[in-house]
Amino acid sequence: MIKIENLHKRFGKNQVLKGVDLDISEGGIFAILGPNGSGKTTLIKCILGMVIPDKGEMLIESKSIRKSWKYRQQIDYLPQIANFPPNLTVSELIRMIKDLRNKPAEEELLIKSFQLEPFLDKKLSSLSGGTKQKVNLLLTLMFDSPLIILDEPTSGLDPIALLHLKELIQKEKTNGKTILVTSHIMSFVEEMADEIVFLLEGKVYFKGDISTLKEKTQKESFELAIANVLKENNA
């Protein structure tokens, strides 16, 4: 699905990506982890075409994305912070996004799953942070694309909405989708991810399943394994 070779990106004097090599197979849930400044956001923005790398190659579905834009039509992206037009209602925003993307959408089940029916005619400026996140997820998941990128999807969700989100992600996986997730909630990652990609200082430090990381660090829990990696590299 995604093949990245020797990816480099610098912002001024700050070398953010330092030769990233990464293969993400088709189908499955992959968590992109790492401390602040490790290059997670820049890597995702490179995949989305929002940041142009200084060096390296990136293939999606075996096709180079260099000087291309149409591949983005095959990606559904959830930003960490959604900045919605405040004067639109939820229904108006849904219609606008459907018109902009101009592809089939299935929003009714998601509206019910996230219990958004009472908010459809309310302006976005009046919504709580958690409800805005549900709208954010609705706009992302109502399309049928092979690649889904979710940046901190659990932010602000109540326990029931979180449960529905987990079910929806698993359903997308069952349908053969490739799902990239970033999250600071290690229990969520441990429950959902088939593999993790751990970035440190602009490079891939580890790629594999969680049990392998535990063995590598000789720690019983996932959180302790992650803490051990960070401690060793800050020593």
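The values are calculated or read from the model by the stated rules, or taken from the named source; none is laboratory data. Please read all numbers here as calculations on a predicted model, not as lab measurements. Cβ atoms come from the backbone with ideal geometry, glycine included; neighbour counts cover every protein chain shown. Accessible surface is based on the protein model in full, side chains and every heavy atom, while ligands, DNA and RNA are left aside. Shrake-Rupley method; radii C 1.70, N 1.55, O 1.52, S 1.80 Å.
Looking at region 24-48 only, could you name the residues that are part of a loop (DSSP other than H, G, I, E, B) and either open to solvent by 20 Å² or more (accessible area, probe 1.4 Å) or on the phi < 0 side of the Ramachandran plot (or both)?
Matches in region 24-48: Ser25, Glu26, Gly27, Pro35, Asn36, Gly37, Ser38.
Does region 26-36 include one or more residues that are modelled with pLDDT of 90 or more and acidic (Asp, Glu)?
Yes, because at least one residue in region 26-36 is modelled with pLDDT of 90 or more and acidic (Asp, Glu).
Taking region 73-92 as the region of interest, how many residues are touching a Pro at 6+ places or on another chain (Cβ under 8 Å), within 20 Å of Gly156 (Cα to Cα) and assigned to a helix (DSSP H, G or I)?
Residues in region 73-92 being touching a Pro at 6+ places or on another chain (Cβ under 8 Å), within 20 Å of Gly156 (Cα to Cα) and assigned to a helix (DSSP H, G or I): 0 in total.
Could you tell me which residue of region 163-190 is farthest from Glu26 (Cα to Cα), considering only residues that are open to solvent by 30 Å² or more (accessible area, probe 1.4 Å) and of a type in the set (Gly, Ala, Ser)?
Out of the qualifying residues, it is Ser187.
Report the residue count in region 49-63 for those that are at pLDDT 90 or above and either under 27 Å from Glu172 (Cα atoms) or part of a loop (DSSP other than H, G, I, E, B) (or both). Reasoning before the result, please.
Step one: list which residues in region 49-63 are at pLDDT 90 or above, which gives 49-60.
Checking the rest, the ones that are also either under 27 Å from Glu172 (Cα atoms) or part of a loop (DSSP other than H, G, I, E, B) (or both) come to 49-54, 58-60.
Of the residues in region 49-63, 9 are at pLDDT 90 or above and either under 27 Å from Glu172 (Cα atoms) or part of a loop (DSSP other than H, G, I, E, B) (or both).
Tell me, which strands (runs of 3 or more DSSP E) wholly within region 106-215 include 2 or more residues that are over 14 Å from the mean Cα position of the chain (by Cα) and of a type in the set (A, V, I, L, M, F, W, C)? Don't jump to the end; show me each part of the working.
On the way: elements: 147-151, 178-182, 195-200, 203-208.
Per the criteria, 195-200, 203-208.
Taking region 191-230 only, how many residues are of a type in the set (Lys, Arg) and loosely packed, with under 14 Cβ neighbours inside 10 Å?
Start the filter on region 191-230 by keeping residues that are of a type in the set (Lys, Arg), which leaves 203, 207, 214, 216, 219.
Narrowing further to those that are loosely packed, with under 14 Cβ neighbours inside 10 Å: 216.
Residues that pass the stated criteria total 1.
Condition check ((1) under 25 Å from Gly56 (Cβ atoms); (2) free of Cβ contacts under 8 Å to residues at least 40 places away in the same chain; (3) not hydroxyl-bearing (Ser, Thr, Tyr)) across all residues:
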{"residue": "Thr140", "(1), (2), (3)": "no, no, no"}
{"residue": "Phe143", "(1), (2), (3)": "no, no, yes"}
{"residue": "Ile160", "(1), (2), (3)": "no, no, yes"}
{"residue": "Thr174", "(1), (2), (3)": "no, yes, no"}
{"residue": "Ile185", "(1), (2), (3)": "no, yes, yes"}
{"residue": "Phe188", "(1), (2), (3)": "no, yes, yes"}
{"residue": "Glu191", "(1), (2), (3)": "no, yes, yes"}
{"residue": "Lys207", "(1), (2), (3)": "yes, no, yes"}
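I want to confirm something. Restricting to region 54-100 and keeping residues that are over 19 Å from the mean Cα position of the chain (by Cα) and closer than 15 Å to Pro146 by Cα, which single residue is least open to solvent (accessible area, probe 1.4 Å)?
Once the filter is applied, the top-ranked residue is Ser62.
Please go through region 23-39 and give me each residue that is touching a helix residue (DSSP H, G or I) at 6+ places or on another chain (Cβ under 8 Å) and closer than 23 Å to Glu232 by Cα, ordered by number. Give the steps one after another, and end with the answer.
Of the residues in region 23-39, the ones touching a helix residue (DSSP H, G or I) at 6+ places or on another chain (Cβ under 8 Å) are 27-29, 31-35.
Matches in region 23-39: Ala31, Ile32, Leu33, Gly34, Pro35.
So Gly129 clears everything in (1) in contact (Cβ under 8 Å) with a residue 12 or more places away in the chain; (2) surrounded by 13 or more Cβ atoms within 10 Å (Cβ to Cβ) except one condition, right? Which one?
Condition not satisfied by Gly129: (2).
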